[in-house]
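A short worksheet on the structure shown next.
Where a number appears in this text, it was derived from the coordinates with a stated rule and is not lab data. Worth saying up front: this structure is predicted, and the values here are computed from it rather than measured. Because the Cβ atoms are built from the backbone with ideal geometry, glycine has one as well, and the counts that use them run over all protein chains shown.
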Amino acid sequence: MRFVFIAALWLAAAIIVGASGALQRVRPPGLQLILIALTAALLVGWRFSRSFRQWLKAIGLRALVALHLTRFVGLYFLLLCSRSELPCSFARPAGWGDIVVATLALVLLVCWKLVATKRGWVGGWNALGLLDILLVVANAARHAMANPASMAALVRLPLSLLPTFLVPLIIAGHFLIFVRLSIERQKPIR
């Protein structure tokens with residue numbers, strides 16, 4: 001329960017920071033550095049906190065995959081592209097990549113009984129999802145460095161929650177899924 005409370009505080013802080021406009025003053029690649037620091041904090045917590053590791057171990061692999069349903073946010077990227085609020089050279093690959101990863105996550109979840117005996121499917125989806133999110137982060141950084149104003153939507157709510165909350169969870173979640181798949185090779189995945 002303690003970690004749920006910590007996550008709720010983190011989310012509240014991300015909302016407050018996003019609403020305050022503070023992220024609009026962060027110069028590139030500051031947002032990416034924040035995202036990297038938050039992801040690193042999660043991974044360091046996993047590595048050095050036994051209680052955090054135990055808590056994460058109790059979360060089923062299916063729940064970790066379900067987190068990626070949030071990647072249907074890609075639809076919003078496409079909408080912002082159509083409104084010229086995000087560069088289409090960022091929004092289209094990011095949007096479609098996220099939609100594909102989220103759709104495949106949904107397929108895995110719906111077919112979980114079959115997937116539980118074919119861990120390669122989860123591993124393949126996880127590799128694709130990690131590659132996609134890393135390319136999205138790199139592409140966002142490239143666009144922000146070239147023209148910070150073009151990525152203004154990512155420093156305002158609701159999209160400011162992506163670098164300050166959701167994307168660190170997603171990247172750390174991919175790492176955790178790989179760890180779980182390698183540790184739990186002998187048992188059916190849950």
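List of remarks:
- Relative contact order for segment 3-160: 31 percent, from Cα pairs under 8 Å spaced at least 6 residues apart, divided by residue count.
- Shown for H143, H174: other C-beta atoms within 10 Å of each C-beta, ranked fewest to most, produce the order H143, H174.
- Built from the Cα atoms of segment 117-182, the convex hull projects on average onto 4.9 nm², one quarter of its surface area.
- Kyte-Doolittle mean at least 1.0, axial Cα span of 15 Å or more - DSSP H helices of the chain: 2-20, 30-48, 88-110, 167-183
- Across V73, V179, V167, mean-square fluctuation computed from a Gaussian network of the chain (C-alpha pairs under 10 Å connected) peaks at V179.
- Coarse-grained scattering of the chain at q = 0.16 Å⁻¹, given as base-10 log I(q)/I(0) from a Debye sum over alpha-carbon atoms: -1.04
- Centre separation in Å (Cα based) which lies between segment 71-96 and segment 116-190: 17
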